[in-house]
Structures are given as structure tokens and as C-alpha cells.
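So the structure is just underneath, and the comments pick up after that.
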Amino acid sequence: MAHYENEGSRPLSQTSATGKVKWFNATKGYGFITLNDGGDAFCHASALQAVGHSEVPQGATIVCDLADSQRGLQVVSVHSVDLSTAEASSPRGPRRDFGGDRFGGGDRFGGGDRFGGGDRFGGGDRFGGRSHGGYRDNNGPTGPMVEGKIKFFNDQKGFGFVMPDSGSGDIYLHASALRRSGVQAVEPDQRIRYSTRQGNKGVEVDRVEII
């Protein structure tokens with residue numbers, strides 16, 4: 001279970017709350033969860049990091065504990081992340097509407113503070129340099145082949161995730177990687193050998209071989 005590093009301990013307002021990712025920007029290091037009761041909660045990258053996720057796709061289901069802050073509800077610990085409910089990549093460009101809101105520039109979640117640009121979760125760090133627009137099959141060089149298995153793959157949505165044998169976080173798998181590799185279909189828990197590259201949504205599978 002991951003614990004959010006907030007300023008001092010706060011009493012929990014909700015425990016084991018369930019919601020779905022509204023949006024998450026790995027470059028900025030935060031996003032929002034839409035709770036099942038209809039409210040939104042701020043989610044910082046550090047709350048996901050300890051459970052093996054540097055980012056989460058829109059629509060993924062999160063079970064978490066929440067606490068009240070001066071800026072509203074925020075995720076303080078994460079119990080589980082279910083990627084099977086994630087939505088396919090949107091063709092739209094990155095969000096531009098979170099500057100100037102209650103988590104925007106000038107407040108403690110905005111630019112210039114510990115969660116803004118230039119800090120450990122801002123541009124230029126290991127969460128930085130990622131675009132969150134629609135899927136584009138024209139990204140960087142491929143890495144070495146490693147082994148893992150399919151966590152799930154949704155044929156209708158055209159994407160899924162791979163679980164590396166190394167135990168690191170799940171890796172995004174787009175249908176174009178299967179087509180590029182001449183693989184017709186994959187099944188959950190199927191063993192594969194694959195390479196990765198830096199895509200427009202972060203690290204993703206480039207080539208796939210069935211073991």
C-alpha cells in the first residue's frame with residue numbers, strides 16, 4: 001500500500017474509496033480520480049509509485065484512502081490499481097485546462113512549488129518528457145528483448161498491458177505493436193518476449209515474440 005507524502009498526518013475522511021482515473025499527467029506528476037460518489041480527488045505520483053505505477057491511464061480503477069486538505073480531497077494511500085477498466089487512448093491533445101484552477105499555478109500544487117515544474121516530479125526528471133496526446137506510432141528507438149507475460153489485452157479497445165518478469169510496473173501494449181510483430185492475438189498470462197521504446201504515453205511495447 002502506497003502512502004502519500006503530505007505535510008504531516010491528516011485524519012482519513014474516507015477509507016477504501018473506489019474511483020476511476022479522470023486524467024493523470026506523468027510529466028506534472030499528478031492527476032485526479034473521479035470517485036464513485038461523483039466527487040474528485042487529487043492524486044500525486046508518489047501515491048502510485050510504491051505500488052509499481054509511475055502513471056495510470058484514464059479509466060483505470062483505483063481503491064484508495066482519502067484525506068481532506070486545504071485544496072479538497074486528496075489520495076493519501078493506494079490499495080490497488082485495476083488497469084482492465086482503462087480507456088483507449090484519446091486522439092485529443094494534452095489537457096491545458098488545469099493551470100489556474102485550485103491545483104494550478106501559484107498554489108501548493110502549481111508551478112514553482114514542490115509539485116510544479118523543476119522539482120523531482122516536474123519537467124526534466126524521470127516523470128518528465130512525456131506527451132499525453134493521442135497514440136502516434138512514430139516514436140523512439142527500441143530497447144533489448146526481455147521476457148514477461150500478458151496481463152490483459154482488449155481487442156475492441158486495441159490495447160492492453162504486459163507484466164515484466166523483472167517485477168517493475170506494467171507496460172502499455174498497443175495493437176500496432178502486435179501488427180508490427182506479425183502477432184495475430186495474445187491471451188492473458190501468455191508468455192512473451194518483447195522490446196520497449198519511449199512512446200507518446202511513456203514506455204510502451206515495441207516488438208512482441210510469442211515464447
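No lab work stands behind these numbers, since they all come straight from the coordinates. Note that the structure is a prediction, hence the values are computed from the model and not measured. Counting neighbours? That spans all protein chains shown, and the Cβs are built from the backbone with ideal geometry, glycine included.
Per-structure values
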read-out	value
Cα gyration tensor shape for segment 146-210, rounded if a/c is under 1.5, else prolate or oblate	rounded
Amide N proximity, segment 33-51 versus residue 151 label position 7 Å along Cα-to-Cβ, cut-off under 17 Å	45-51
Simple label model, 7 Å out from Cα along Cβ direction - residue 63 to residue 142, nm	3.8
